[in-house]
Amino acid sequence: MPRITQQLHPHREPVATRAAATVLLLRDAPAADGGPGAVLEVLMTRRSPQASFAPSAYVFPGGAVDALDSTPETHAAVHRRPTQSPAQLTQAVAAIRESFEELGVLLARHADGRFADAADIAALDRAAPFVAQCQARGLTLAADAMFGLAHWTADRDLPKRFDVHFLVARMPDGQEPVADEREQFEPVWVRPAHALARHAAGQFFMIYPTIRTLERLAAFASADAVLRAVAQQRDEAPLWTSCPRSGLLGGRESRYMEHEPPFGELALVCPDGQMLHTLDWQPERPVPLLKNVQRLTAPNPGVMTGPGTNSYLVGDPDTGYIAIDPGPADEEHLERLWRAAGGDIRTIVCTHSHPDHSPGAAPLAARVAAHGRPRPPVLGLPSAPTARAASQFTPDRPLADGERLVLAAPAPSPETTHTLEVVHTPGHAANHVCLLLREDGLLFSGDHILNGSTTVVDPPDGNMADYLDSLDRLDALCAQHGVEFILPAHGYVLGHARGAIAALKAHRLAREAKVLAAMQALPQGSTREWVQHAYGDVPERLWPVAERSLIAHVERIRAMEPGHA
(Lines give C-alpha, C1' and ligand atoms only; values in the text may rest on other atoms or scores of the structure.)
Protein backbone atom coordinates (compact mmCIF):
# COMPACT_ATOMS: atom_id res chain seq x y z
CA MET A 1 0.00 0.00 0.00
CA PRO A 2 1.19 3.56 -0.63
CA ARG A 3 2.56 5.37 2.39
CA ILE A 4 0.00 7.54 4.19
CA THR A 5 2.53 10.37 4.00
CA GLN A 6 2.30 10.25 0.21
CA GLN A 7 -1.51 10.34 -0.06
CA LEU A 8 -2.86 13.46 -1.71
CA HIS A 9 -5.90 13.86 0.54
CA PRO A 10 -6.32 13.62 4.33
CA HIS A 11 -8.01 10.48 5.60
CA ARG A 12 -11.80 10.74 5.81
CA GLU A 13 -13.82 7.98 7.42
CA PRO A 14 -16.77 7.05 5.19
CA VAL A 15 -20.24 6.96 6.71
CA ALA A 16 -21.10 3.57 8.24
CA THR A 17 -23.37 1.35 6.17
CA ARG A 18 -26.74 -0.09 7.09
CA ALA A 19 -27.66 -3.63 6.04
CA ALA A 20 -30.45 -3.90 3.47
CA ALA A 21 -31.93 -6.37 1.01
CA THR A 22 -33.89 -6.04 -2.21
CA VAL A 23 -35.50 -8.54 -4.54
CA LEU A 24 -35.81 -8.66 -8.30
CA LEU A 25 -39.10 -10.42 -8.96
CA LEU A 26 -38.93 -11.97 -12.42
CA ARG A 27 -41.43 -13.33 -14.92
CA ASP A 28 -41.47 -14.34 -18.57
CA ALA A 29 -43.97 -12.35 -20.60
CA PRO A 30 -45.20 -12.93 -24.18
CA ALA A 31 -43.12 -11.20 -26.82
CA ALA A 32 -44.47 -7.74 -27.56
CA ASP A 33 -44.73 -8.43 -31.30
CA GLY A 34 -46.71 -11.60 -30.75
CA GLY A 35 -43.83 -13.72 -31.95
CA PRO A 36 -42.75 -17.07 -30.52
CA GLY A 37 -41.12 -17.38 -27.13
CA ALA A 38 -41.22 -15.04 -24.16
CA VAL A 39 -39.21 -12.13 -22.82
CA LEU A 40 -37.78 -11.49 -19.38
CA GLU A 41 -39.48 -8.84 -17.26
CA VAL A 42 -38.67 -7.53 -13.80
CA LEU A 43 -40.97 -5.81 -11.33
CA MET A 44 -40.07 -2.22 -10.47
CA THR A 45 -41.77 0.53 -8.53
CA ARG A 46 -41.38 4.28 -8.03
CA ARG A 47 -40.23 5.60 -4.67
CA SER A 48 -42.01 8.43 -2.92
CA PRO A 49 -40.90 11.96 -3.87
CA GLN A 50 -40.50 12.58 -0.13
CA ALA A 51 -38.21 9.58 0.45
CA SER A 52 -34.94 10.41 2.22
CA PHE A 53 -33.04 8.10 -0.12
CA ALA A 54 -33.42 8.12 -3.93
CA PRO A 55 -36.71 10.08 -4.05
CA SER A 56 -38.86 9.40 -7.14
CA ALA A 57 -36.43 6.77 -8.40
CA TYR A 58 -37.65 3.52 -9.95
CA VAL A 59 -36.31 0.66 -7.86
CA PHE A 60 -36.80 -2.98 -6.96
CA PRO A 61 -38.77 -3.59 -3.74
CA GLY A 62 -36.61 -3.79 -0.65
CA GLY A 63 -35.30 -1.95 2.37
CA ALA A 64 -33.27 -2.07 5.54
CA VAL A 65 -32.84 -5.29 7.49
CA ASP A 66 -34.82 -5.26 10.75
CA ALA A 67 -33.72 -6.86 13.99
CA LEU A 68 -36.50 -9.47 13.80
CA ASP A 69 -35.28 -10.62 10.36
CA SER A 70 -32.23 -12.32 11.91
CA THR A 71 -33.64 -14.02 15.02
CA PRO A 72 -33.51 -17.82 15.42
CA GLU A 73 -37.29 -17.83 15.81
CA THR A 74 -37.72 -16.12 12.44
CA HIS A 75 -35.22 -18.43 10.74
CA ALA A 76 -37.12 -21.43 12.11
CA ALA A 77 -40.20 -20.20 10.25
CA VAL A 78 -38.76 -20.36 6.74
CA HIS A 79 -38.19 -22.90 3.98
CA ARG A 80 -34.46 -22.95 3.32
CA ARG A 81 -31.86 -24.66 1.19
CA PRO A 82 -29.22 -26.60 3.13
CA THR A 83 -26.53 -24.32 1.68
CA GLN A 84 -28.10 -21.05 2.85
CA SER A 85 -26.16 -19.45 5.70
CA PRO A 86 -27.83 -17.55 8.58
CA ALA A 87 -26.75 -14.27 6.95
CA GLN A 88 -28.34 -15.32 3.65
CA LEU A 89 -31.54 -16.31 5.46
CA THR A 90 -31.66 -12.88 7.09
CA GLN A 91 -31.31 -11.22 3.67
CA ALA A 92 -34.05 -13.42 2.22
CA VAL A 93 -36.43 -12.71 5.10
CA ALA A 94 -35.83 -8.97 4.81
CA ALA A 95 -36.47 -9.01 1.06
CA ILE A 96 -39.64 -11.12 1.45
CA ARG A 97 -40.95 -8.84 4.19
CA GLU A 98 -40.21 -5.67 2.23
CA SER A 99 -41.79 -6.97 -0.99
CA PHE A 100 -44.96 -7.67 0.98
CA GLU A 101 -45.02 -4.38 2.87
CA GLU A 102 -44.31 -2.28 -0.22
CA LEU A 103 -46.09 -4.18 -3.02
CA GLY A 104 -48.27 -6.82 -1.39
CA VAL A 105 -46.29 -9.65 -3.00
CA LEU A 106 -46.03 -12.62 -0.63
CA LEU A 107 -43.26 -15.20 -1.15
CA ALA A 108 -44.64 -17.76 1.30
CA ARG A 109 -46.10 -21.26 1.05
CA HIS A 110 -48.79 -23.30 2.71
CA ALA A 111 -47.91 -26.67 4.25
CA ASP A 112 -48.94 -28.42 1.03
CA GLY A 113 -46.43 -26.34 -0.98
CA ARG A 114 -48.94 -23.91 -2.51
CA PHE A 115 -47.80 -20.31 -2.72
CA ALA A 116 -49.88 -17.75 -0.87
CA ASP A 117 -52.84 -16.45 -2.85
CA ALA A 118 -54.96 -13.30 -2.91
CA ALA A 119 -57.00 -14.42 0.09
CA ASP A 120 -53.86 -14.88 2.18
CA ILE A 121 -52.54 -11.50 1.16
CA ALA A 122 -55.85 -9.79 1.97
CA ALA A 123 -55.87 -11.36 5.43
CA LEU A 124 -52.49 -9.89 6.38
CA ASP A 125 -51.88 -6.37 7.67
CA ARG A 126 -48.87 -4.75 5.98
CA ALA A 127 -48.22 -2.60 9.06
CA ALA A 128 -48.35 -5.43 11.63
CA PRO A 129 -45.52 -7.87 12.59
CA PHE A 130 -44.97 -9.86 9.43
CA VAL A 131 -43.59 -13.27 10.38
CA ALA A 132 -46.04 -13.78 13.24
CA GLN A 133 -48.98 -13.13 10.92
CA CYS A 134 -47.65 -15.64 8.39
CA GLN A 135 -47.23 -18.28 11.08
CA ALA A 136 -50.76 -17.70 12.36
CA ARG A 137 -52.07 -18.38 8.87
CA GLY A 138 -49.94 -21.47 8.39
CA LEU A 139 -47.57 -19.83 5.92
CA THR A 140 -43.83 -20.44 5.77
CA LEU A 141 -41.54 -17.89 4.12
CA ALA A 142 -40.03 -19.19 0.86
CA ALA A 143 -36.39 -18.30 1.50
CA ASP A 144 -35.46 -21.30 -0.64
CA ALA A 145 -36.94 -19.51 -3.66
CA MET A 146 -34.57 -16.55 -3.19
CA PHE A 147 -31.08 -16.54 -4.71
CA GLY A 148 -28.26 -14.05 -4.43
CA LEU A 149 -27.67 -11.99 -7.58
CA ALA A 150 -25.40 -9.17 -6.44
CA HIS A 151 -23.94 -7.49 -3.38
CA TRP A 152 -23.73 -3.70 -3.50
CA THR A 153 -22.10 -1.42 -0.96
CA ALA A 154 -22.78 2.27 -1.55
CA ASP A 155 -19.86 4.42 -2.67
CA ARG A 156 -17.74 5.94 0.08
CA ASP A 157 -18.61 9.54 -0.80
CA LEU A 158 -22.33 9.24 -0.08
CA PRO A 159 -23.85 10.74 3.11
CA LYS A 160 -26.23 7.78 3.49
CA ARG A 161 -24.85 4.33 2.75
CA PHE A 162 -26.43 0.89 2.53
CA ASP A 163 -24.87 -2.55 2.26
CA VAL A 164 -27.43 -4.23 0.03
CA HIS A 165 -27.88 -7.79 -1.13
CA PHE A 166 -29.81 -8.02 -4.41
CA LEU A 167 -31.79 -11.26 -4.55
CA VAL A 168 -33.83 -12.78 -7.37
CA ALA A 169 -37.00 -14.87 -7.29
CA ARG A 170 -39.75 -15.86 -9.67
CA MET A 171 -43.00 -13.94 -9.20
CA PRO A 172 -45.59 -16.29 -7.64
CA ASP A 173 -48.44 -17.23 -9.97
CA GLY A 174 -51.79 -15.59 -9.27
CA GLN A 175 -50.42 -12.59 -7.39
CA GLU A 176 -50.58 -8.98 -8.51
CA PRO A 177 -48.43 -6.18 -7.08
CA VAL A 178 -50.29 -3.39 -5.29
CA ALA A 179 -48.19 -0.45 -4.06
CA ASP A 180 -48.58 0.76 -0.48
CA GLU A 181 -48.94 4.37 -1.80
CA ARG A 182 -46.71 5.61 1.02
CA GLU A 183 -43.19 4.45 0.20
CA GLN A 184 -43.82 2.97 -3.25
CA PHE A 185 -46.02 3.93 -6.19
CA GLU A 186 -46.78 2.69 -9.70
CA PRO A 187 -45.54 -0.91 -9.79
CA VAL A 188 -44.58 -1.80 -13.35
CA TRP A 189 -43.32 -4.86 -15.18
CA VAL A 190 -40.55 -3.87 -17.54
CA ARG A 191 -37.96 -5.47 -19.76
CA PRO A 192 -34.45 -4.54 -18.55
CA ALA A 193 -33.44 -3.09 -21.92
CA HIS A 194 -36.62 -0.99 -22.08
CA ALA A 195 -36.05 0.40 -18.58
CA LEU A 196 -32.52 1.40 -19.57
CA ALA A 197 -33.73 3.04 -22.77
CA ARG A 198 -36.41 4.98 -20.92
CA HIS A 199 -33.88 6.10 -18.33
CA ALA A 200 -31.53 7.30 -21.07
CA ALA A 201 -34.42 9.31 -22.52
CA GLY A 202 -35.05 10.96 -19.16
CA GLN A 203 -38.39 9.20 -18.61
CA PHE A 204 -37.51 6.59 -15.98
CA PHE A 205 -35.14 7.88 -13.30
CA MET A 206 -32.94 5.23 -11.68
CA ILE A 207 -29.89 5.28 -9.43
CA TYR A 208 -26.52 3.79 -10.31
CA PRO A 209 -26.82 0.29 -8.76
CA THR A 210 -30.24 -0.19 -10.35
CA ILE A 211 -28.92 0.81 -13.76
CA ARG A 212 -25.91 -1.49 -13.57
CA THR A 213 -28.01 -4.39 -12.29
CA LEU A 214 -30.40 -4.01 -15.22
CA GLU A 215 -27.46 -3.89 -17.62
CA ARG A 216 -26.34 -7.29 -16.33
CA LEU A 217 -29.90 -8.63 -16.30
CA ALA A 218 -30.44 -7.58 -19.93
CA ALA A 219 -27.97 -10.28 -21.00
CA PHE A 220 -30.42 -13.04 -19.92
CA ALA A 221 -33.21 -14.25 -22.18
CA SER A 222 -35.55 -15.61 -19.51
CA ALA A 223 -36.26 -15.91 -15.81
CA ASP A 224 -35.11 -19.52 -15.99
CA ALA A 225 -31.75 -18.41 -17.40
CA VAL A 226 -31.24 -15.96 -14.52
CA LEU A 227 -32.24 -18.49 -11.86
CA ARG A 228 -30.01 -21.17 -13.39
CA ALA A 229 -27.04 -18.80 -13.31
CA VAL A 230 -27.47 -17.84 -9.67
CA ALA A 231 -28.30 -21.38 -8.54
CA GLN A 232 -24.99 -22.62 -9.97
CA GLN A 233 -22.90 -20.18 -7.94
CA ARG A 234 -20.52 -21.89 -5.56
CA ASP A 235 -21.24 -21.32 -1.85
CA GLU A 236 -24.31 -19.28 -2.78
CA ALA A 237 -22.02 -16.41 -3.80
CA PRO A 238 -23.60 -13.54 -5.77
CA LEU A 239 -22.79 -13.16 -9.45
CA TRP A 240 -20.96 -9.92 -8.69
CA THR A 241 -19.96 -7.72 -5.77
CA SER A 242 -19.30 -4.01 -5.98
CA CYS A 243 -18.57 -0.93 -3.93
CA PRO A 244 -18.38 1.68 -6.71
CA ARG A 245 -15.99 4.60 -6.78
CA SER A 246 -16.68 8.07 -8.07
CA GLY A 247 -14.71 10.69 -9.95
CA LEU A 248 -15.24 13.64 -12.25
CA LEU A 249 -15.49 13.24 -16.00
CA GLY A 250 -16.37 16.17 -18.20
CA GLY A 251 -17.00 18.16 -15.03
CA ARG A 252 -19.72 15.75 -13.87
CA GLU A 253 -19.93 13.01 -11.27
CA SER A 254 -19.25 9.57 -12.72
CA ARG A 255 -19.22 6.18 -10.95
CA TYR A 256 -17.40 2.99 -11.80
CA MET A 257 -17.45 -0.66 -10.81
CA GLU A 258 -14.38 -2.76 -10.07
CA HIS A 259 -14.05 -4.17 -13.60
CA GLU A 260 -14.04 -0.74 -15.25
CA PRO A 261 -10.79 1.02 -16.24
CA PRO A 262 -10.97 4.11 -13.95
CA PHE A 263 -11.73 2.15 -10.76
CA GLY A 264 -8.13 1.42 -9.74
CA GLU A 265 -7.03 5.00 -10.28
CA LEU A 266 -9.83 6.30 -8.06
CA ALA A 267 -8.88 3.76 -5.38
CA LEU A 268 -5.27 4.97 -5.45
CA VAL A 269 -5.88 8.72 -5.56
CA CYS A 270 -9.02 8.97 -3.39
CA PRO A 271 -9.03 5.82 -1.21
CA ASP A 272 -11.68 7.17 1.16
CA GLY A 273 -14.09 8.11 -1.59
CA GLN A 274 -13.38 11.81 -1.93
CA MET A 275 -14.92 12.97 -5.20
CA LEU A 276 -11.93 15.09 -6.21
CA HIS A 277 -10.12 13.29 -9.00
CA THR A 278 -10.63 14.33 -12.61
CA LEU A 279 -10.59 11.43 -15.06
CA ASP A 280 -10.41 13.45 -18.28
CA TRP A 281 -7.16 12.90 -20.13
CA GLN A 282 -5.20 16.13 -19.77
CA PRO A 283 -2.00 16.16 -21.85
CA GLU A 284 -1.64 19.85 -21.15
CA ARG A 285 -0.89 19.38 -17.44
CA PRO A 286 0.58 16.90 -14.93
CA VAL A 287 -1.90 14.77 -13.00
CA PRO A 288 -0.89 14.03 -9.37
CA LEU A 289 -1.55 10.44 -8.35
CA LEU A 290 0.34 10.59 -5.05
CA LYS A 291 2.51 13.31 -3.55
CA ASN A 292 5.50 11.51 -5.04
CA VAL A 293 3.97 10.32 -8.35
CA GLN A 294 2.80 12.48 -11.25
CA ARG A 295 1.53 11.32 -14.64
CA LEU A 296 1.94 13.34 -17.81
CA THR A 297 0.24 11.88 -20.87
CA ALA A 298 1.85 12.63 -24.21
CA PRO A 299 -0.41 14.13 -26.91
CA ASN A 300 -0.12 11.04 -29.12
CA PRO A 301 -3.50 9.29 -28.83
CA GLY A 302 -4.27 6.55 -31.34
CA VAL A 303 -5.24 2.95 -31.96
CA MET A 304 -1.92 1.68 -30.58
CA THR A 305 -1.46 4.26 -27.81
CA GLY A 306 -4.99 4.71 -26.48
CA PRO A 307 -5.27 8.14 -24.83
CA GLY A 308 -1.51 8.60 -25.25
CA THR A 309 1.77 7.44 -23.73
CA ASN A 310 1.97 7.94 -19.97
CA SER A 311 5.18 9.47 -18.69
CA TYR A 312 5.67 9.37 -14.92
CA LEU A 313 7.67 11.47 -12.49
CA VAL A 314 8.61 9.76 -9.23
CA GLY A 315 10.00 11.89 -6.41
CA ASP A 316 9.44 15.22 -4.71
CA PRO A 317 11.15 18.63 -4.48
CA ASP A 318 13.43 17.40 -1.67
CA THR A 319 14.64 14.24 -3.45
CA GLY A 320 14.52 15.29 -7.08
CA TYR A 321 12.79 13.15 -9.69
CA ILE A 322 13.15 10.07 -11.86
CA ALA A 323 11.34 10.36 -15.20
CA ILE A 324 9.88 7.11 -16.56
CA ASP A 325 9.14 6.80 -20.29
CA PRO A 326 9.52 10.39 -21.54
CA GLY A 327 7.67 9.29 -24.66
CA PRO A 328 8.03 10.68 -28.18
CA ALA A 329 10.31 13.65 -28.92
CA ASP A 330 7.47 16.12 -28.51
CA GLU A 331 8.89 19.47 -27.38
CA GLU A 332 5.76 20.64 -25.55
CA HIS A 333 5.42 17.34 -23.69
CA LEU A 334 9.10 17.38 -22.67
CA GLU A 335 8.74 20.98 -21.53
CA ARG A 336 5.83 19.99 -19.29
CA LEU A 337 7.84 17.09 -17.84
CA TRP A 338 10.76 19.38 -17.12
CA ARG A 339 8.56 22.03 -15.49
CA ALA A 340 6.60 19.51 -13.41
CA ALA A 341 9.90 18.33 -11.92
CA GLY A 342 11.06 21.89 -11.29
CA GLY A 343 13.93 21.09 -13.63
CA ASP A 344 15.36 18.62 -11.09
CA ILE A 345 15.31 15.35 -13.05
CA ARG A 346 18.05 13.09 -11.69
CA THR A 347 17.51 10.02 -13.90
CA ILE A 348 15.53 9.08 -17.00
CA VAL A 349 14.38 5.45 -17.43
CA CYS A 350 12.87 3.94 -20.58
CA THR A 351 10.89 0.74 -20.02
CA HIS A 352 11.66 -0.27 -23.61
CA SER A 353 12.74 1.13 -26.93
CA HIS A 354 9.49 1.52 -28.86
CA PRO A 355 9.09 4.89 -30.59
CA ASP A 356 6.31 6.14 -28.32
CA HIS A 357 8.49 5.58 -25.23
CA SER A 358 12.18 6.31 -25.72
CA PRO A 359 12.81 9.06 -28.33
CA GLY A 360 12.12 11.84 -25.84
CA ALA A 361 14.81 10.63 -23.41
CA ALA A 362 17.88 12.28 -24.93
CA PRO A 363 16.15 15.63 -25.65
CA LEU A 364 14.81 15.70 -22.08
CA ALA A 365 18.27 15.05 -20.67
CA ALA A 366 19.66 17.84 -22.86
CA ARG A 367 16.93 20.22 -21.68
CA VAL A 368 17.86 19.59 -18.04
CA ALA A 369 21.54 20.18 -18.75
CA ALA A 370 20.82 23.34 -20.76
CA HIS A 371 19.31 24.93 -17.68
CA GLY A 372 22.36 24.49 -15.50
CA ARG A 373 21.76 21.11 -13.81
CA PRO A 374 23.80 17.94 -14.26
CA ARG A 375 22.68 15.97 -17.30
CA PRO A 376 20.59 13.03 -16.03
CA PRO A 377 21.68 9.63 -17.31
CA VAL A 378 19.30 7.82 -19.67
CA LEU A 379 18.89 4.25 -18.43
CA GLY A 380 17.22 1.14 -19.78
CA LEU A 381 18.19 -1.92 -21.75
CA PRO A 382 19.58 -1.49 -25.27
CA SER A 383 17.37 -2.67 -28.07
CA ALA A 384 18.07 -6.23 -29.16
CA PRO A 385 19.15 -7.12 -32.71
CA THR A 386 15.56 -8.29 -33.28
CA ALA A 387 14.14 -4.78 -32.74
CA ARG A 388 12.62 -2.96 -35.67
CA ALA A 389 14.43 0.03 -37.17
CA ALA A 390 12.09 2.54 -35.47
CA SER A 391 12.83 0.98 -32.08
CA GLN A 392 16.59 1.38 -31.90
CA PHE A 393 17.70 2.58 -28.47
CA THR A 394 21.05 2.79 -26.72
CA PRO A 395 20.99 3.96 -23.10
CA ASP A 396 23.83 5.81 -21.40
CA ARG A 397 24.07 2.79 -19.14
CA PRO A 398 22.21 -0.53 -19.26
CA LEU A 399 20.13 -1.42 -16.24
CA ALA A 400 20.65 -4.68 -14.37
CA ASP A 401 17.80 -6.92 -13.34
CA GLY A 402 17.16 -6.27 -9.63
CA GLU A 403 19.05 -2.97 -9.65
CA ARG A 404 17.68 -0.24 -7.39
CA LEU A 405 17.49 3.45 -8.26
CA VAL A 406 17.24 5.49 -5.07
CA LEU A 407 16.14 9.08 -4.50
CA ALA A 408 16.85 10.31 -0.98
CA ALA A 409 16.14 13.62 0.69
CA PRO A 410 19.16 15.37 2.18
CA ALA A 411 19.52 15.96 5.91
CA PRO A 412 17.63 16.63 8.09
CA SER A 413 15.08 14.30 6.43
CA PRO A 414 17.13 11.45 4.97
CA GLU A 415 14.36 8.97 5.87
CA THR A 416 12.34 10.17 2.86
CA THR A 417 13.33 7.86 0.02
CA HIS A 418 11.81 6.63 -3.20
CA THR A 419 13.33 3.39 -4.50
CA LEU A 420 12.65 1.95 -7.95
CA GLU A 421 13.64 -1.69 -8.42
CA VAL A 422 14.29 -2.88 -11.98
CA VAL A 423 12.54 -6.05 -13.20
CA HIS A 424 13.49 -7.44 -16.61
CA THR A 425 10.23 -8.48 -18.31
CA PRO A 426 10.84 -9.55 -21.92
CA GLY A 427 7.85 -10.45 -24.04
CA HIS A 428 6.35 -7.28 -25.48
CA ALA A 429 9.90 -6.31 -26.36
CA ALA A 430 13.14 -8.12 -25.70
CA ASN A 431 14.52 -5.14 -23.74
CA HIS A 432 11.40 -4.43 -21.69
CA VAL A 433 11.69 -3.63 -17.98
CA CYS A 434 9.13 -2.85 -15.29
CA LEU A 435 9.83 -0.81 -12.17
CA LEU A 436 8.70 -1.45 -8.61
CA LEU A 437 8.38 1.56 -6.29
CA ARG A 438 9.25 -0.38 -3.18
CA GLU A 439 8.18 2.07 -0.45
CA ASP A 440 4.67 2.43 -1.88
CA GLY A 441 4.09 -0.96 -3.49
CA LEU A 442 3.47 0.43 -6.98
CA LEU A 443 4.37 -1.34 -10.22
CA PHE A 444 5.19 0.74 -13.32
CA SER A 445 4.41 -1.78 -16.04
CA GLY A 446 5.35 0.01 -19.27
CA ASP A 447 3.59 -1.82 -22.11
CA HIS A 448 3.70 -5.24 -20.48
CA ILE A 449 0.36 -4.61 -18.72
CA LEU A 450 -2.09 -2.03 -20.07
CA ASN A 451 -5.46 -0.80 -18.87
CA GLY A 452 -8.33 -1.23 -21.30
CA SER A 453 -6.52 -3.37 -23.87
CA THR A 454 -3.99 -6.16 -24.25
CA THR A 455 -0.50 -5.41 -25.47
CA VAL A 456 0.76 -6.54 -28.85
CA VAL A 457 3.46 -9.21 -28.85
CA ASP A 458 5.22 -8.73 -32.18
CA PRO A 459 7.90 -11.27 -33.18
CA PRO A 460 10.78 -11.49 -33.55
CA ASP A 461 11.43 -8.90 -30.81
CA GLY A 462 8.25 -9.96 -29.06
CA ASN A 463 7.95 -13.47 -27.68
CA MET A 464 4.77 -14.96 -26.23
CA ALA A 465 6.49 -17.56 -24.06
CA ASP A 466 8.66 -14.83 -22.53
CA TYR A 467 5.62 -12.61 -22.13
CA LEU A 468 3.69 -15.19 -20.12
CA ASP A 469 6.75 -16.06 -18.03
CA SER A 470 7.20 -12.37 -17.25
CA LEU A 471 3.57 -12.15 -16.14
CA ASP A 472 4.25 -14.98 -13.68
CA ARG A 473 7.30 -13.15 -12.40
CA LEU A 474 5.34 -9.94 -11.90
CA ASP A 475 2.61 -11.83 -10.07
CA ALA A 476 5.18 -13.28 -7.67
CA LEU A 477 6.68 -9.82 -7.18
CA CYS A 478 3.27 -8.34 -6.39
CA ALA A 479 2.61 -11.11 -3.87
CA GLN A 480 6.01 -10.58 -2.22
CA HIS A 481 5.68 -6.81 -1.89
CA GLY A 482 1.94 -6.43 -1.41
CA VAL A 483 1.51 -4.53 -4.66
CA GLU A 484 -2.09 -3.45 -5.22
CA PHE A 485 -1.71 -0.90 -8.02
CA ILE A 486 -0.19 -1.05 -11.50
CA LEU A 487 0.68 2.15 -13.37
CA PRO A 488 0.71 1.33 -17.10
CA ALA A 489 2.18 3.27 -20.01
CA HIS A 490 -1.30 3.54 -21.53
CA GLY A 491 -4.57 3.99 -19.65
CA TYR A 492 -5.60 4.58 -16.06
CA VAL A 493 -4.02 3.04 -12.97
CA LEU A 494 -5.11 -0.57 -12.43
CA GLY A 495 -6.19 -1.78 -9.01
CA HIS A 496 -6.17 -5.32 -7.57
CA ALA A 497 -2.84 -5.95 -9.26
CA ARG A 498 -2.69 -9.72 -8.95
CA GLY A 499 -6.26 -10.09 -10.16
CA ALA A 500 -5.44 -7.93 -13.18
CA ILE A 501 -2.41 -10.10 -13.97
CA ALA A 502 -4.41 -13.31 -13.57
CA ALA A 503 -7.16 -11.99 -15.86
CA LEU A 504 -4.60 -10.93 -18.45
CA LYS A 505 -2.90 -14.32 -18.44
CA ALA A 506 -6.26 -16.10 -18.67
CA HIS A 507 -7.18 -13.91 -21.64
CA ARG A 508 -3.92 -14.69 -23.43
CA LEU A 509 -4.31 -18.43 -22.87
CA ALA A 510 -7.94 -18.33 -24.00
CA ARG A 511 -6.87 -16.52 -27.15
CA GLU A 512 -4.14 -19.10 -27.68
CA ALA A 513 -6.76 -21.84 -27.50
CA LYS A 514 -8.66 -20.07 -30.29
CA VAL A 515 -5.47 -19.81 -32.33
CA LEU A 516 -4.83 -23.52 -31.88
CA ALA A 517 -8.42 -24.31 -32.89
CA ALA A 518 -7.99 -22.19 -36.03
CA MET A 519 -4.76 -23.99 -36.89
CA GLN A 520 -6.43 -27.36 -36.46
CA ALA A 521 -9.49 -26.36 -38.50
CA LEU A 522 -7.33 -24.91 -41.31
CA PRO A 523 -4.04 -26.81 -41.18
CA GLN A 524 -2.93 -25.33 -44.52
CA GLY A 525 -4.31 -21.89 -43.76
CA SER A 526 -2.37 -18.64 -43.69
CA THR A 527 -1.99 -16.49 -40.60
CA ARG A 528 -4.50 -14.07 -42.11
CA GLU A 529 -7.05 -16.85 -42.40
CA TRP A 530 -6.35 -17.95 -38.83
CA VAL A 531 -6.87 -14.38 -37.58
CA GLN A 532 -10.41 -14.41 -38.99
CA HIS A 533 -11.22 -17.45 -36.85
CA ALA A 534 -9.23 -16.66 -33.69
CA TYR A 535 -9.99 -12.91 -33.55
CA GLY A 536 -13.54 -12.92 -34.82
CA ASP A 537 -14.57 -10.89 -31.76
CA VAL A 538 -12.12 -8.11 -32.67
CA PRO A 539 -12.99 -5.37 -35.20
CA GLU A 540 -11.67 -6.27 -38.64
CA ARG A 541 -9.69 -3.04 -38.88
CA LEU A 542 -7.50 -4.37 -36.05
CA TRP A 543 -6.79 -7.74 -37.64
CA PRO A 544 -3.42 -6.65 -39.12
CA VAL A 545 -2.25 -5.79 -35.58
CA ALA A 546 -3.83 -8.92 -34.12
CA GLU A 547 -1.97 -10.98 -36.69
CA ARG A 548 1.33 -10.04 -35.04
CA SER A 549 0.21 -11.47 -31.68
CA LEU A 550 -1.27 -14.50 -33.46
CA ILE A 551 2.15 -15.23 -34.97
CA ALA A 552 3.62 -15.05 -31.44
CA HIS A 553 1.02 -17.57 -30.25
CA VAL A 554 1.75 -19.84 -33.22
CA GLU A 555 5.46 -19.79 -32.37
CA ARG A 556 4.73 -20.76 -28.76
CA ILE A 557 2.31 -23.51 -29.79
CA ARG A 558 4.82 -25.01 -32.20
CA ALA A 559 7.62 -24.75 -29.64
CA MET A 560 5.54 -26.89 -27.27
CA GLU A 561 4.90 -29.63 -29.85
CA PRO A 562 6.54 -33.00 -29.08
CA GLY A 563 9.90 -33.36 -30.75
CA HIS A 564 10.40 -29.63 -31.26
CA ALA A 565 14.08 -28.84 -31.22
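The values are calculated or read from the model by the stated rules, or taken from the named source; none is laboratory data. Bear in mind that the values here come from a model prediction, so they are computed numbers and not experimental data. With ideal geometry, Cβ positions are generated from the backbone for all residues, glycine too; neighbour counts draw on all protein chains shown. Remember, those area values only see protein heavy atoms, side chains included, never the ligands or the DNA or RNA. Shrake-Rupley method; radii C 1.70, N 1.55, O 1.52, S 1.80 Å.
Scan (1) more than 18 Å from Ile486 (Cα to Cα); (2) touching a Pro at 6+ places or on another chain (Cβ under 9 Å); (3) open to solvent by less than 50 Å² (accessible area, probe 1.4 Å) for the single condition Glu284 breaks and write down its number.
All conditions pass for Glu284, except number (3).
Only one of (1) among the basic types (Lys, Arg); (2) open to solvent by 50 Å² or more (accessible area, probe 1.4 Å); (3) modelled with pLDDT of 95 or more is not met by Arg388, so which one is it?
Among (1) among the basic types (Lys, Arg); (2) open to solvent by 50 Å² or more (accessible area, probe 1.4 Å); (3) modelled with pLDDT of 95 or more, Arg388 violates only (3).
Scan region 1-40 for residues that are of a type in the set (Gly, Ala, Ser), in a loop (DSSP other than H, G, I, E, B) and over 19 Å from His194 (Cα atoms) and report the count.
Total meeting the criteria: 1.
Any residue in region 287-298 that is open to solvent by 10 Å² or more (accessible area, probe 1.4 Å), modelled with pLDDT of 95 or more, of a type outside the set (S, T, N, Q) and closer than 25 Å to His424 by Cα?
No, that holds for no residue.
Could you go through region 447-469 and let me know if any residue there is aliphatic (A, V, I, L, M), part of a helix (DSSP H, G or I) and touching a His at 6+ places or on another chain (Cβ under 8 Å).
Yes, because at least one residue in region 447-469 is aliphatic (A, V, I, L, M), part of a helix (DSSP H, G or I) and touching a His at 6+ places or on another chain (Cβ under 8 Å).
Go through (1) closer than 30 Å to Glu265 by Cα; (2) open to solvent by 20 Å² or more (accessible area, probe 1.4 Å) for Asp66 and report which single condition fails.
(1)
Looking at Pro426, is it open to solvent by less than 20 Å² (accessible area, probe 1.4 Å) and more than 24 Å from the chain's Cα centre (by Cα)?
Criteria not met by Pro426.
May I ask you to say which residue of Arg97, Arg126, Arg137 is touching a helix residue (DSSP H, G or I) at 6+ places or on another chain (Cβ under 9 Å), surrounded by 17 or more Cβ atoms within 10 Å (Cβ to Cβ) and basic (Lys, Arg)?
Result of the check over Arg97, Arg126, Arg137: Arg97.
Any residue in region 327-339 that's more than 12 Å from Leu296 (Cα to Cα): show its pairings with residues that are in a helix (DSSP H, G or I) and open to solvent by 40 Å² or more (accessible area, probe 1.4 Å) at Cβ separation under 7 Å, as long as the two are six or more apart or on different chains.
From residues that are more than 12 Å from Leu296 (Cα to Cα), the pairs are Ala329/Pro363.
Do any residues in region 255-280 that are open to solvent by 40 Å² or more (accessible area, probe 1.4 Å) have Cβ atoms under 9 Å from those of residues that are of a type in the set (Phe, Trp, Tyr), where the two are at least six apart or on different chains, and which pairs are they?
Glu258/Trp240; His259/Trp240; Pro261/Tyr492
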